[in-house]
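Peer 1: Dropping a structure here in structure tokens format, bear with me for questions.
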Amino acid sequence: MKLLFDQNLSPRLVSRLSDIYPNSSHVFLEGLEQANDQEIWQYSGDNDYIIVTKDSDFNELVVLRGFPPKVIWVRRGNCSTTEIETILRMHQEDIINFCQDQNLGTLTLF
């Protein structure tokens, strides 16, 4: 399971969560900092990433196009990187189950 953190999340999450989400990356680290949602979507699908975002646009792409890639949509307002890290740690089991469920395309976390 590889996560790809969207532009609206800190690149620091990659190293901070590497113990439980190894091989994850950030759009900046993949040279996608100027890419639009469609390009990130295509890249994620081609490279077996699950997109982690605070942006509803990727959820809409799941509805329109199906999946993969899958999307983890963090629906938390303004919050710190530490809070995002805590959410992703607290929901590790939910994320593992989501990845294994062939019928789910979006996991919403609050």
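Peer 1: Condition check: farther than 12 Å from residue 6 by Cβ and touching a residue at least 24 places away in the same chain (Cβ under 8 Å). Does residue 48 satisfy that?
Peer 2: Yes: the conditions hold for residue 48.
Peer 1: Evaluate the range 13-30: report whether one residue or more is loosely packed, with under 14 Cβ neighbours inside 10 Å, at positive phi and in contact (Cβ under 8 Å) with a residue 24 or more places away in the chain.
Peer 2: No, that holds for no residue.
Peer 1: Just to check your reading of the model, which residue among 85, 39, 33 is more than 13 Å from the chain's Cα centre (by Cα) and modelled with pLDDT of 95 or more?
Peer 2: Exactly one of 85, 39, 33 is more than 13 Å from the chain's Cα centre (by Cα) and modelled with pLDDT of 95 or more, namely 39.
Peer 1: Among the residues of the range 68-89, how many are under 16 Å from residue 44 (Cβ atoms) and surrounded by fewer than 17 Cβ atoms within 10 Å (Cβ to Cβ)?
Peer 2: Here the count works out to 1.
Peer 1: If I go through the range 68-110 residue by residue, how many of them are in a loop (DSSP other than H, G, I, E, B) and of a type outside the set (A, V, I, L, M, F, W, C)?
Peer 2: Matching residues across the range 68-110 total 13.
Peer 1: Here is a follow-up. Of all residues in the range 33-67, how many are part of a helix (DSSP H, G or I) and surrounded by 15 or more Cβ atoms within 10 Å (Cβ to Cβ)?
Peer 2: Qualifying residue count, the range 33-67: 11.
Peer 1: If you take the residues in the range 1-32 that are aliphatic (A, V, I, L, M) and part of a loop (DSSP other than H, G, I, E, B), which one is nearest to residue 92 (Cα to Cα)?
Peer 2: Within the range 1-32, the first condition is being aliphatic (A, V, I, L, M), and the residues that meet it are 1, 3-4, 9, 13-14, 17, 20, 27, 29, 32.
Checking which are part of a loop (DSSP other than H, G, I, E, B) leaves us with 1, 9, 17, 20, 27, 29, 32.
Details: 1: 11, 9: 18, 17: 11, 20: 8, 27: 21, 29: 23, 32: 26 Å.
Once the filter is applied, the top-ranked residue is 20.
The values are calculated or read from the model by the stated rules, or taken from the named source; none is laboratory data. Only a predicted model underlies this, so the values are computations on that prediction, with no experimental measurement involved. Positions of Cβ are backbone-derived with ideal geometry, glycine not excepted, and every protein chain shown enters the neighbour counts.
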